[in-house]
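K.L.:
If you scroll down you'll find the structure; I have some questions about it.
What follows draws every value from the coordinates through simple rules; no lab data is involved. Given the structure is predicted, the values throughout are model-derived calculations rather than measurements. Cβ atoms come from the backbone with ideal geometry, glycine included; neighbour counts cover every protein chain shown.
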Amino acid sequence: MTTSVSTASVDETREVGRRLGLVVEAGDVIALEGELGTGKTELVKGIAEALGVTSGVHSPTFVLHHRYRGRLPIEHYDLYRLEGLAWVDTGLDEPAPEAVTVIEWPERAAVLDDWATTRIRLTAPGPTRRRLTFIRGPERIRAVFEHAPRD
Ligand SMILES: Nc1ncnc2c1ncn2[C@@H]1O[C@H](COP(=O)(O)OP(=O)(O)O)[C@@H](O)[C@H]1O
Ligand SMILES: [Mg+2]
């Protein structure tokens, strides 16, 4: 079953992220699919905020990975720059069990894509309009997508 919400501003997208941050659990691996500028990093900022991380969240430019320390640790991957590169070996056998892992551009590294227990797709129907669609994952996460961020 898919469920989706529409947002009309950056703050509304962050609000969806904050709601996700309230229900995520250690070991969750959330794949965020969507083109550049669809709001993936803004969503991660909301998740981080709800977990008590107040600054420092951004798409890594020269690294593929950041770790933030909140109520739960957050492993933030952004694989955008992997385009055209061979993914040799991450050296990672499994996602960090004590953390919440969030992956932008998961399709660029099969090893990380395979970890995903939750999938969310983002699209940009208009300049300030974003659609966030739950593809699969646990019910506690799906439930976040039942209500518009301004409800
Ligand atoms: N409703 C919205 N939700 C999220 N971002 C929005 C929205 N409307 C406009 N934007 C803009 O879209 C961009 C989203 O950026 P970002 O989250 O970094 O995207 P991504 O990580 O998917 O490439 C920002 O420039 C933001 O200001
Ligand atoms: Mg990003």
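K.L.:
Quick check: the distance between the Cα centres of the stretch 10-83 and the stretch 110-144, to the nearest angstrom?
P.N.:
The stretch 10-83 and the stretch 110-144 have Cα centres spaced 12 Å from each other.
K.L.:
Quick one: angle between helix 10-23 and the longest Cα principal axis of the chain, in degrees between 0 and 90, rounded to 10, please.
P.N.:
70 degrees
K.L.:
Here's a follow-up. Take the Cα of D11, step 7 Å along the line toward its Cβ, and report every residue of the stretch 27-53 whose backbone nitrogen sits under 17 Å from that point.
P.N.:
Within reach of a label on D11, which here means backbone N under 17 Å from a point 7 Å along Cα→Cβ, the stretch 27-53 contributes 42-43, 45-47, 49-50.
K.L.:
Given contacts defined as C-alpha pairs under 8 Å and at least six residues apart, what's the relative contact order of the chain, whole-number percent?
P.N.:
In percent, rounded to a whole number, it is 37.
K.L.:
Could you tell me the relative contact order of the stretch 1-51? Use alpha-carbon pairs under 8 Å, at least six residues apart, and round to a whole percent.
P.N.:
Answer for the stretch 1-51 is 53 percent.
K.L.:
Further question: Got the relative contact order for the stretch 90-142 handy, in percent, Cα pairs under 8 Å and 6 or more residues apart?
P.N.:
24 percent
K.L.:
Right, next: For every other residue with a beta carbon closer than 14 angstrom to the beta carbon of E12, add +1 if it is Lys or Arg and -1 if Asp or Glu, then tell me the sum.
P.N.:
Net of charged neighbours comes to +3.
K.L.:
Can you give me the angle between helix 40-50 and the longest principal axis of the chain, using Cα atoms only, in degrees from 0 to 90, rounded to the nearest 10?
P.N.:
80 degrees
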